[in-house]
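The values are calculated or read from the model by the stated rules, or taken from the named source; none is laboratory data. Fair warning: this is a prediction, and the values are worked out from it, not measured in the lab. Note that we place each Cβ from the backbone using ideal geometry, even for glycine, and neighbour counts take in every protein chain shown. When the accessible area is computed, the model is the full protein with side chains, heavy atoms only, and any ligands, DNA or RNA have been set aside. Shrake-Rupley method; radii C 1.70, N 1.55, O 1.52, S 1.80 Å.
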Amino acid sequence: MAEVSERMRDAFEAVAIDDEGRACRDIPDSVCHEEPRNFFVHVGSLALTKSSDGLIDPKLVLSWLLTELAAPIFLVGLLVPVREAGALLPQIFTASTIRRFPVRKWVWVMGSLVQGLAAATIAVCALTLEGAAAGWAIVLSLAVLAIGRSVCSVSYKDVLGKTVSKSTRGTATGLAGSLAAAVTIIYAIVLISGFVPRMTLVIGGLFVAAGCWLIAAMVFSTLYEEAGATQGGKNAFKSAIADLQYLASDAQLRRFIMVRGFLTTTALAPPFMIAAASKAGEGGFGGLGYLVLASAFAGLVSAYVWGRLADRSSRKVLFIASAISMVVLALASWFSVTGWLTAPMVLPVLLFCIMIAYQGVRLGRSTHLVDMATVDTRAAYTALSNTIIGVVLFAGGLFSIIAEFFGVSVVLITMALMCAAAIPMALGLDEVQAE
């Protein structure tokens, strides 16, 4: 047993500790002793859940599935708002309840179990239902999944801050992202190859995603977490109102939320980029397969690098991601006007680049939020910022109206301008890793 522990520590030091030897800067000595095991528990659990996210992607996989099941277009359009807003908007209310748990890993475990069962329900609905009945059942199941994801999101950053030191958090999440991206790449290649019937592959992928969430729950339950403070477990409404005071008292939190709000465009842009190139035959399942491949490959090659950089300066990660997004979206808008977007390989390259930026935004904002907050404010900051961004993402449906009346190129250039606005805002963030 001691030999296994020593090998785990050696592996942890090789993967996560740099030449400066930064470790255990802000966690107790008792937790520091368990950090190597905790590090790999985080990596394993996150790799499983991120793989599930790739297999059940509402923007791609579930949209195609509902179309094949002859569900109304209205329900297809609800998938992304239900997933994104449903995962973020409830968090300001769940944060106060989560504070009552001294050991919060069990909250994450329950959330992962809920997501696994909801994913299995979606797969069963796809096998047994058609038309509007299938559409409503899958959308409602996705709403349940989103609530489970919401609970995991609030609890995870707090647990991460308690069990892994500041200098290795970004590395853990980045490594998990790279492993999950490899799984999604394999899935995308099989989608493109046509070796397996598409419906069989999609439904099978949903069952695999469900299994991954259930296994992740079991893995995460082995995490070593000491009991934490339980103060602040107030009435949900009163807690939500109280949390709003952080917006008035913390200028850095306001700036961070503004940066994150501008950079929601990295998540919203890909469907509009594809729509702009639809005349070139990029639509259909084959095109979606290439999009899955571009997204996963971008995550594979960038997530670990973004994570390592975020451990040094999450501020710089957000700045670089903002600049990349601005350039890519401006080019996409210009190419859509000139017709160059239909040229071979132009769209895949642009999609790859925007996904690189998207990975940077996700890792940069996650690491920055954990490191800028204290033990007492981390859960509240997470819930508050996620709730506001949930509203922003829900309002992102306005881009569809803009595209309808003014064209996709106008949407893309508007998104590019939002990314440009994020650049000076990101530069004004504090270097929280230096504190």
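Computed quantities for the displayed model
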read-out	value
Checking GLY77 against (1) at pLDDT below 75; (2) open to solvent by less than 40 Å² (accessible area, probe 1.4 Å); (3) in a helix (DSSP H, G or I); (4) not basic (Lys, Arg), the condition it does not meet	(2)
Residue satisfying condition, being of a type in the set (S, T, N, Q), in contact (Cβ under 8 Å) with a residue 12 or more places away in the chain, touching a Pro at 6+ places or on another chain (Cβ under 9 Å) and at negative phi, within set THR377, THR387, THR382, THR367	THR387
Candidate set from the stretch 376-411 (those that are among the hydrophobic types (A, V, I, L, M, F, W, C) and surrounded by fewer than 13 Cβ atoms within 10 Å (Cβ to Cβ)); member that is nearest to VAL80 (Cα to Cα)	LEU398
Residue selected from the stretch 206-231 under the condition open to solvent by less than 30 Å² (accessible area, probe 1.4 Å) and at pLDDT below 85, by the criterion nearest to HIS42 (Cα to Cα)	LEU223
Subset of the stretch 150-205 [closer than 16 Å to ALA379 by Cβ and either open to solvent by 30 Å² or more (accessible area, probe 1.4 Å) or among the hydroxyl-bearing types (Ser, Thr, Tyr) (or both)]	SER150, VAL151, SER153, SER155, TYR156, LYS162, THR163
Test: residue in the stretch 356-375 that is of a type in the set (A, V, I, L, M), part of a helix (DSSP H, G or I) and at pLDDT below 80	no
